[in-house]
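Novice: Shown below is the structure under consideration.
The values are calculated or read from the model by the stated rules, or taken from the named source; none is laboratory data. On a predicted model such as this, the values are computed, not experimentally measured, just so you know. Here the Cβ is made from the backbone with ideal geometry for all residues, glycine too, and neighbour counts use every protein chain on show.
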Amino acid sequence: MISERTAFQLAVAVAILVALAVAPAAAREITTGGTVYVGEENLNLSPVFNAPPVVLSGQGDLTDPAGSEWIVSGDGSAGMSGTLVYYSSISTPSSGTIGQTIAVADVTDFELTASAVGTATGTWYAFTDGTPLFDPSRAAGVVFIEIPATGLDVLLGDTGTASVNGMSVTRESSIRFRIDHNLGDLPNAAMDIRVTVPAGGMLTVFEGVDLSDLALTDSPEVTTVPIMLGSADVGFYTAEAVWPAASDFYGKGYDSNPVTFEIVTRTLAITSDKDTVVRGNSFTVTVTGEPNRDYRLSVRDIAGLAPGEYPVSVPGQVGVTLLTPAEAKLTTTAAGTRSIQFDTDQSTHNRAFTICVEDLADATLYDEVTVQVEPGVVTVTAPGTGDYARGEEIVFSGTNTDSGTTYLFLTGPNLDLNGARLENISVKVSTGDGSTFTRATVQADGTWSYRWNTADVDQILDAGIYTVYAVSQPCNKGSLSGARYSTASFLLRSPTLTAEASGPTLVPGDGYRIGGMATGAPDSVQVWVIGPDCRILGDRAPVEGDGTFEYLLEGEQTRKFIQSGPYYVVVQHPLIWNEFEVFANDTGFLFAPDMAPVDLTKLPASDAVNTLLGAFDSMYVGDIYTKFTFSVVKDFKIWINPIDDQAYGETITIAGDTSYPAGTVLTYRITAEESGARILSGEVMVADGRVWSFDLTTALEPGAYSVRVVSPDGLVSETMPFYVCDNIIHPVTPAGATYRIESIRTNPPLGELSPGESLALAGVIDTPWAEHLAGLEFSTDLEDPYWSYDLELDGVTVYTGSRYSRSFGLSAFELDYGQDVRLRIFLDGIVPEGKAESPVLLGLLERDAKGEVVPKSEYSLLLTPDVDGPCLTLSPGWNFISVPRPLAGGNDTAAIFAGVDTDGRSAFRYDTAAGDWINLQETDRLAPLEGIWIYSTGPATVPLNFSTDLLAPPSERALVAGWNAVGITGTTPPAARDALLSVDGQWTTLIGFDAQTQAFETGIINGGSGTNTDSRLVYPGRGYWLYMTGPGTLCAIGV
C-alpha cells in the first residue's frame, strides 16, 4: 500500500516533469567549490559570489573555518557582476600573483568560453565588484574549471578490454563501444555514438542497438551493451561520440576521437616470414583466424625422421601452449592473429617441412605453409694477397652457419694427403675425432677466426702452396662428401731479407744507418760490421711488426773509422724459431754448426768477412744474409746518380750524395753538349744523410746535356751526362710482374716507323730478383733481330750478353744477385712488312720454375708502322683521339673510321651538359677540339684528309662546367698552358690517356708544379679530359 506521504511525493515529481517539458531549461546553479566545464552556458554563479570569504591556511590550501557566516540578499545574490581570478602562484594567504581573469557581467546567466579560459584550468576565485583581486582571502568563493574530455574505443566481445580500433573483426564476433570522460560532475550529460557504415550512411542505431543519448554517469567510462555483427555488411566502419544539438558543447570541438574497424568474413590462414631458412636459424609463422579462438598448430610427420630432426617451437611464447616440441595449442589475439617462432639447429634435417593449423572445433577448417630448411654455409679467407713468409702469423677467418665449431686442417708439401692439424702438422686429422683438428668457435653472428703463427708449428714447413680447409664437422679431406666446407690456398715462402744503408760512403763522426725488411716475423736480425779498424760482431737489431728494422752507427763509433776501407756490412736473418745458428761470443770467436770456433779479431778484415760468409754458406746453416760495403772518405766529394734517358716534356729529377754536411749549398748548371751553351743554373742544399736532389721543371728540347754540381768553394765538382728524347715511353708494368719497366726508347719514334727500315730500341728494367724463382723471357717480331743486355749492380756492370734470335731468356740464377739488379736491354732489327696481325716490337713475360707463364706478367709493345700522309694511329683497346685540323668536305664524318675493326663497339662522343655518352654515327661530322673514344682490336691507322680552304676561320668550341672531352689542334705539341690559354680562367685539370698501356696519364694542373706542371706538352691528335669550373670558349692554336 502506498502511503499518503509517498503519493504526495509522486504527485510533486510528476508536476515537476510536466513543468520541465513545457518550460525553458533553467540555468545550472553552481555552488562554491563546484566544477564548471568550458563551453557551458546559462550558469548561475550566485551561490559562488555569495559564498563565505575564502580563508587560506597555506598556499593553495582552502578551508571553511568553523563559525563563518554570510548574509544572502532576498533575491539570492549579493551583486549582479563580478570577476573570476586565476592565480599563477599564491605566496601568502593574503597575497597572490594574478595569472588570468574573467569578467562575469551577470552572475545569474554566465557562459564559460574556451577563449576566456585558455589553458588555465583548476581553481578560480570569485570576487564581487570593488573587492581587491590580489588578495585571495577576500574572494567570495571558488570554482573548479575543467575542459570537457571524451574518448571513444571499440572493444571485442561481450566482456574484456581488448580494443579492435584499427583492426578487423568477423561477423561471428560481437563488439561494444566505450566512452571515457571527465564529465561525472555534469548532471544529465549524454552523448550520441554515430556509426558511419561502408555505404556512407551515418547511424545512431547499429545492428539493433540504440547508441543515442548515452548518459555519462559518475563513472569515468560508459560501455554499451554487446552488438552482434552477424548481419552487418562487410567493410570499413568509423564511429564517433558526439554531443547532441541540445547540448551546450554541441559544435564546440568537444566530440570524441573517431575509431575505425573492419568487418570481414575471415578464413583460417597461416603464413611464414621465410620460405627458406638456413639450418641453425629461426623462422616465424603467423596464424590468422577468429579473434580469441583456440587452434592446433603442428609440424606434419615425415616418415623416417627422428623427433629431434624437426623444427621446434620456442617455449614460453605468449598465447602458445606446447603439447610436444613440434605441436602446440594457440589462442589468437583480439585481432585474430598469433605469431609462433620455430628454431632449427644442426640436428634439424635439411628438407621441406609443412606447418599446419587446424580449428579445434572443425577439423575440416585448416591451412598449411611449407618452409625449406637448408644446410648452412662455411667460408674461409686469408688476409692480404695470400703470399706469406714462413714465421709470419696468418689470421684465417670466415663464416659458419652450419655448426657451432669450425674444424680446420692443412694440406700441402710433405703433409698427409687427408690433412694435418695446423699447430701440429705431424698429427693427421681423423674423421669423427674432433680433437685431431684445429678448432675455432663460431660466434653468435656466425663468424669465426683463428690466428696461426707459422713459427710455432712443431716442424719446419716447406716452401710451397698450401690449402687450409674449414669444415662444419670433423671430416678430413677424404670424407668431405656431404659436408659443408670451404678452402683457401696460399703461398708460404722462405723468409726474405733486404737491407740498405745511408750511402756508399761515410765521413768519420757522422751517423750511419743500416735498415731494411726481414719477412717471416723474426724478433731481430744480427748486424756485422767488419773493417780495418772495426769489429761489430752480431749486434741485435729488433724487427718491428711490419718487418722493418734499423741499426745505427753513432758518430762516436764512426769517428774511430780512420782508414778508407772497405768496410763490410752483413745482416743476418735467423730464418726459423728466432735462433741464430751463426753467432760470436764476447771475445770475438765465431761459432757455427760443423765448424771450429774462429777468432775474427785476429784476422784481417777481408779474411774475417770471408770466414763469416763461409759459415753462412755451409750446408748445415739455415740462416740467410745480405751484404754490402761502404768506404770512409776524408776529402770532400760529390757524387751524381746515373741519369737515364729522359722523356721530352717530363720533369727530370737529378740526385746524388756528397761528403759535405747537411745544410751545405751546392751550385749546379745544365749545359747543352752540342753547343756548349749554359741552359740554366741554380742551387741545391744538402739534406740529412748528405743527400741532395732537385727537379728540372723547365722543358728541355731533345738532345744531349750534362749537369755539373760544384762545391761552395768551387774546388770539388762532378759532371754527369744525360739525354732528353722525344721517343721515350714509361710503360705501366703488368700487375703480376716482379720486374718493373722504367723506360723504353726507340729510334725512330714509334709513330714514324716504316716497313723495311732499321729500328733500335733501348730499355731499362728493374729486376728485384732475390730468391725469386722465375725467369724473364723476351721476344720480338722485328726481322734480323739482335739483342744485347747489361746487368748492373749498384751502378757497376756485373754481367753482359748478346744473341741473334727472335726470343731469348734470362734464368732466375742469372738474375739473382741477392738484391735489386738493373737490366739494360738493347734491340736492333728491321721493321716487318706487316705480315703479322699485331706485330710485337718488344714482348716480355715471366716463367716460373715449372716453365709456366706467371699470370698477369706479360707486357707487349706493338709496332705501328707509318702510312703515307697524315693519319691517326690507334693501339689495341680503347683510344682517346681528336682531329688536329679541320677535315676536307666529304671526308669529315665518322665514316673515316669504317676501316677500323672495333669488334662491334661504337665510337663515342661525350655530352657534358647532359652527362651522357652519344654513339657516333657514320654521318656525324668530326671537328677539331673534340675528344672521341674508339675501340680497335689491333694496331690501326686512320688516314686524314685536311681541308685546304684558306678562308675558313680557326676552330672554336663552347665548353660547359664539368668534365669535357677535348682535343688539341696544330701540327706540333704545345705546352698545356698555351693550348688552353683561351679558357685560362676556367680550366683546372687536364688528363690524357695512354692507349698503349690503357691507362690514364698523370693530370696536368693549371698553375701546377712538378709532374703536374702546366708546362708539360700536349699532343695534337689525342683526346683529353678537361675540367671547367664555368663555361668558356676553347680556341684553336693551329689551323
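Novice: So which residues in the stretch 809-861 are among the hydrophobic types (A, V, I, L, M, F, W, C), out of contact with any strand residue (DSSP E or B) (no Cβ under 6 Å at 6 or more places or on another chain) and in contact (Cβ under 8 Å) with a residue 24 or more places away in the chain, if there are any at all?
Specialist: Once the filter is applied, which keeps residues that are among the hydrophobic types (A, V, I, L, M, F, W, C), out of contact with any strand residue (DSSP E or B) (no Cβ under 6 Å at 6 or more places or on another chain) and in contact (Cβ under 8 Å) with a residue 24 or more places away in the chain, the stretch 809-861 yields 836, 849.
Novice: Which of the residues spanning the stretch 947-965 are touching a Pro at 6+ places or on another chain (Cβ under 8 Å) and in a loop (DSSP other than H, G, I, E, B)?
Specialist: 947, 949, 952, 955, 960, 961
Novice: A follow-up question, please. Determine which single condition residue 329 fails, assuming it passes every other condition in (1) assigned to a loop (DSSP other than H, G, I, E, B); (2) of a type in the set (D, E, K, R); (3) in contact with a Ser or Thr (Cβ under 8 Å, 6 or more places away or on another chain).
Specialist: (1)
Novice: Next up: Going by what's in this entry, would residue 683 be described as out of contact with any helix residue (DSSP H, G or I) (no Cβ under 8 Å at 6 or more places or on another chain), of a type in the set (Asp, Glu) and at pLDDT 85 or above? Show your work before the answer.
Specialist: Working: out of contact with any helix residue (DSSP H, G or I) (no Cβ under 8 Å at 6 or more places or on another chain): yes; of a type in the set (Asp, Glu): yes; at pLDDT 85 or above: yes.
Criteria met by residue 683.
Novice: Within the stretch 200-225, take every residue that is surrounded by 16 or more Cβ atoms within 10 Å (Cβ to Cβ), among the β-branched types (Val, Ile, Thr) and closer than 17 Å to residue 244 by Cα and give me the one that is farthest from the chain's Cα centre (by Cα).
Specialist: 204
For (1) β-branched (Val, Ile, Thr); (2) more than 30 Å from residue 575 (Cα to Cα); (3) surrounded by fewer than 16 Cβ atoms within 10 Å (Cβ to Cβ), each residue gets a yes or a no:
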| site | (1), (2), (3) |
| --- | --- |
| 601 | yes, no, yes |
| 606 | no, no, yes |
| 627 | no, no, no |
| 655 | no, yes, yes |
| 661 | no, yes, yes |
| 671 | yes, yes, no |
| 683 | no, yes, yes |
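Novice: A further question on this structure: Which one of the conditions (1) at negative phi; (2) surrounded by 18 or more Cβ atoms within 10 Å (Cβ to Cβ) does residue 690 fail to meet, given that it meets all the rest?
Specialist: Unmet condition: (1).
Novice: When the stretch 164-199 is examined, which residues are found to be within 30 Å of residue 248 (Cα to Cα) and of a type in the set (S, T, N, Q)?
Specialist: 165, 182, 188, 196
Novice: Follow-up. I'd like the residue in the stretch 609-618 that is farther than 19 Å from residue 577 by Cβ and among the hydrophobic types (A, V, I, L, M, F, W, C) and, out of all such residues, is surrounded by the most Cβ atoms within 10 Å (Cβ to Cβ).
Specialist: The extreme case among them is 612.
Novice: Please count how many residues of the stretch 474-528 are without any contact (Cβ under 8 Å) to a residue 12 or more places away in the chain and either polar (S, T, N, Q) or assigned to a helix (DSSP H, G or I) (or both). Talk me through it step by step, then tell me what you get.
Specialist: Filtering the stretch 474-528 down to residues without any contact (Cβ under 8 Å) to a residue 12 or more places away in the chain leaves 480-482.
Okay, now just the ones that are also either polar (S, T, N, Q) or assigned to a helix (DSSP H, G or I) (or both), so 481.
Qualifying residue count for the region: 1.
Novice: Select from the stretch 142-173 the residues that are among the β-branched types (Val, Ile, Thr) and in contact with a Lys or Arg (Cβ under 9 Å, 6 or more places away or on another chain) and write down the one among them that is modelled with the highest pLDDT.
Specialist: The first filter runs over the stretch 142-173 and keeps only residues among the β-branched types (Val, Ile, Thr), leaving 142-143, 145, 147, 150, 154, 159, 161, 164, 169-170.
Still in the running and in contact with a Lys or Arg (Cβ under 9 Å, 6 or more places away or on another chain): 154, 159, 161, 169-170.
Values: 154: 96, 159: 89, 161: 90, 169: 88, 170: 86.
Among those residues, the one meeting the criterion is 154.
Novice: Next question, about the same structure. Assess whether residue 860 counts as being touching a Leu at 6+ places or on another chain (Cβ under 8 Å) and modelled with pLDDT under 85. Outline the logic, then answer.
Specialist: Details: touching a Leu at 6+ places or on another chain (Cβ under 8 Å): yes; modelled with pLDDT under 85: yes.
Yes; evaluated as a whole, the condition is true for this residue.
Novice: Also, I was wondering about something else. Go through the stretch 251-299 and give me each residue that's more than 22 Å from residue 350 (Cβ to Cβ), of a type in the set (Gly, Ala, Ser), within 48 Å of the chain's Cα centre (by Cα) and outside any strand (DSSP E or B).
Specialist: 289
Novice: Assess whether residue 586 counts as being loosely packed, with under 15 Cβ neighbours inside 10 Å, farther than 30 Å from residue 380 by Cβ and either touching a helix residue (DSSP H, G or I) at 6+ places or on another chain (Cβ under 6 Å) or not assigned by TED's automatic domain parsing to the domain that holds residue 397 (or both).
Specialist: The answer is yes for residue 586.
Novice: Do the conditions hold for residue 1033, that is, is it hydroxyl-bearing (Ser, Thr, Tyr) and either farther than 27 Å from residue 918 by Cα or out of contact with any Leu (no Cβ under 9 Å at 6 or more places or on another chain) (or both)?
Specialist: Taking the combined requirement at face value, the residue does not satisfy it.
Novice: Another question about this same structure. Taking only the stretch 239-251 into account, find how many residues are exposed (fewer than 15 other Cβ atoms within 10 Å of the Cβ) and either out of contact with any Ser or Thr (no Cβ under 8 Å at 6 or more places or on another chain) or within 26 Å of residue 173 (Cβ to Cβ) (or both). Working first, answer last.
Specialist: Applying the first criterion (exposed (fewer than 15 other Cβ atoms within 10 Å of the Cβ)) to the stretch 239-251 yields 244-246, 250-251.
Still in the list and also either out of contact with any Ser or Thr (no Cβ under 8 Å at 6 or more places or on another chain) or within 26 Å of residue 173 (Cβ to Cβ) (or both): 245-246, 250-251.
Counting residues in the stretch 239-251 that are exposed (fewer than 15 other Cβ atoms within 10 Å of the Cβ) and either out of contact with any Ser or Thr (no Cβ under 8 Å at 6 or more places or on another chain) or within 26 Å of residue 173 (Cβ to Cβ) (or both) gives 4.
Novice: Whether any residue in the stretch 538-557 is assigned to a strand (DSSP E or B) and in contact with a helix residue (DSSP H, G or I) (Cβ under 8 Å, 6 or more places away or on another chain) is what I want to check.
Specialist: No - not one qualifying residue is present in the stretch 538-557.
Novice: Another question about this same structure. Suppose we keep only residues that are among the β-branched types (Val, Ile, Thr) and in a loop (DSSP other than H, G, I, E, B) within the stretch 640-669. Which one would you say is farthest from residue 716 (Cα to Cα)? Break it down into steps so the answer makes sense when it comes.
Specialist: Filtering the stretch 640-669 for residues among the β-branched types (Val, Ile, Thr) gives 640, 643, 651-654, 658, 664-665, 667.
Still in the list and also in a loop (DSSP other than H, G, I, E, B): 643, 651, 664.
Values: 643: 20, 651: 27, 664: 13 Å.
If we take residues in the stretch 640-669 being among the β-branched types (Val, Ile, Thr) and in a loop (DSSP other than H, G, I, E, B), then 651 is farthest from residue 716 (Cα to Cα).
Novice: Taking the criterion of being in contact (Cβ under 8 Å) with a residue 24 or more places away in the chain and more than 30 Å from residue 369 (Cα to Cα), would at least one residue in the stretch 260-268 satisfy it?
Specialist: yes
Novice: When only residues in the stretch 254-294 that are more than 26 Å from residue 235 (Cβ to Cβ) and of a type in the set (Ser, Thr, Tyr) count, which is surrounded by the most Cβ atoms within 10 Å (Cβ to Cβ)?
Specialist: Here the residue is 254.
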